[in-house]
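Asks: My structure is below; once you've seen it, I'll send some questions.
Each reported figure results from applying straightforward, stated rules to the coordinates on display, with no laboratory input. Remember, it's a predicted structure, so these values are computed and weren't measured experimentally. Don't worry about glycine lacking a Cβ; one is built from the backbone with ideal geometry, like all the others, and counts go over all protein chains shown.
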Amino acid sequence: MVFSFQATASRVLRTYPMPLEYSLVEHRLDNQIIAGTDEAGRGPLAGDVVAAAVILDPDQPIDGLNDSKKLSERKREALFEQIIQTSKAFSIARASVKEIDQLNILQASLLAMKRAVKQLRMQPDFVYVDGNQCPHWSYQSATVVKGDSRLQCVAAASILAKVSRDRDMVKMAQNFPGYGFAKHKGYPTREHLLALGRLGPCQHHRKSFKPVADLL
């Protein structure tokens, strides 16, 4: 069953706006296992899309959780370690470049989130999904636009996904020098587009994305 962010049928949801602290308080009251999931890497021209799912421990609150894009790299790295050490469960999953090209980036993102939730060692009663579309699954769930700024469990998933993907791109840069992957993480920056034109696509580039497709 899927609820929208505005839904009122479920006692799990509340009226907009939803504070970032909301989820921990609500989870303790409802005695439910609540997971949040988010992805990183929909916009880049290269690399997998990475998703994470997190079940936080209400008895071990984490200060500073927020949308990963609003945090410095140093803060994200510190929170990453804290999340994996204190959460009740976490999982990181991917959809490959091949899957992105076959399915499209939206469906690949939903697939990665589905994999992340299914891989949790503790299965949730309810899942909050960042954005406005849910994967096809049997979990009770709700989509929350800008959920990584409104729900701690989704913010935590956002951080795990972002840090994991950034680390992937740094490793990629070592094997494929010249593209600047460690710096731009695959996004279509001027530097990346110039390198792409000079070197041509590598095996990690998304062939279904126009700047790459134009060079094939």
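Asks: Using DSSP loop states and a limit of at most 16 other Cβ atoms within 10 Å to flag trypsin sites (Lys or Arg not before Pro), what is the longest stretch of the chain containing no flagged site?
Replies: On the way: sites that count: R11, R14, R42, R121, K146, K207.
The answer is 43-120.
Asks: Same structure, new question: If you stretched the chain out fully between L106 and Q203, how much longer would it get, using 0.36 nm times the residue separation minus the C-alpha to C-alpha distance?
Replies: Values: separation 97, 0.36 × 97 = 34.92 nm, distance 2.06 nm.
Difference between extended and current length: 32.9 nm.
Asks: To continue, here is another question. Which value, in nm² and rounded to one decimal, describes the direction-averaged projected area of the C-alpha convex hull of region 120-216? Before the final figure, lay out each step's value.
Replies: Working: hull surface 32.9 nm².
Dividing the Cα hull surface by four gives the mean projection, 8.2 nm².
Asks: Determine the dipole magnitude for region 132-196: charges of +1 sit on the beta-carbon of Lys and Arg, -1 on that of Asp and Glu, nothing else is charged, the reference point is the Cα centre, and the result goes in debye to the nearest 20. Display every interim value, and only then the final one.
Replies: Working: 9 positive and 4 negative charges, 21 e Å.
Dipole magnitude for region 132-196 comes out near 100 debye.
Asks: Stretch R190-S138 to full length: gain in nm at 0.36 nm per residue minus the Cα-Cα span? Walk me through the intermediate numbers first.
Replies: Working: separation 52, 0.36 × 52 = 18.72 nm, distance 4.23 nm.
Full-extension gain reported as 14.5 nm.
Asks: For the pair E77/K171, report the inter-label distance in nm, with labels modelled 7 Å from Cα in the Cβ direction.
Replies: Computed distance between label sites E77 and K171 equals 1.7 nm.
Asks: Among Q152, P177, M122, which residue has its Cα furthest toward the positive end of the charge dipole of region 112-177, with +1 on Lys/Arg Cβ and -1 on Asp/Glu Cβ?
Replies: P177
Asks: Let me ask something else about it. State, as an integer percentage, the relative contact order of the chain based on alpha-carbon contacts under 8 Å between residues 6 or more apart. Display every interim value, and only then the final one.
Replies: Details: 439 pairs, mean separation 62.7, N = 216.
Relative contact order for the chain comes out at 29 percent.
Asks: Hey, another quick one. Going 7 Å from the Cα of Q123 along its beta-carbon direction, which residues of region 141-169 have the amide nitrogen within less than 19 Å of the resulting point?
Replies: Backbone N within reach: 141-142.
Asks: For region 69-191, what is the convex hull volume of its Cα atoms per residue in Å³? Don't jump to the answer; show the numbers that get you there.
Replies: Working: hull volume 16.0 nm³, N = 123.
Looking at region 69-191, the number lands at 130 Å³ per residue.
Asks: Can I ask one more? Using Cα centres only, tell me the gap between region 42-91 and region 114-145 in whole Å.
Replies: 16
Asks: Of the candidates G197, G36, G131, which one comes out as most mobile in a Gaussian network treatment of the chain with C-alpha springs shorter than 10 Å?
Replies: Result for the chain, Cα springs under 10 Å: G197 fluctuates most.
Asks: Still on this model: Of the DSSP beta bridges with both residues in the chain, give the percent that are antiparallel, rounding to the nearest 5.
Replies: Working: 13 of 24 bridges.
If we restrict to bridges inside the chain, about 55 percent are antiparallel.
Asks: Report the net charge of residues surrounding M113, where surrounding means a beta-carbon distance below 11 angstrom and charges are Lys +1, Arg +1, Asp -1, Glu -1. Walk me through the numbers before you get to the answer.
Replies: Numbers: positive: R94, K114, R115, K118; negative: D38, E39, D130.
Net local charge, M113 excluded: +1.
Asks: As a test of understanding, state the convex hull volume per residue of the chain from its alpha carbons, in Å³.
Replies: Values: hull volume 25.0 nm³, N = 216.
Convex hull of Cα atoms, per residue: 116 Å³.
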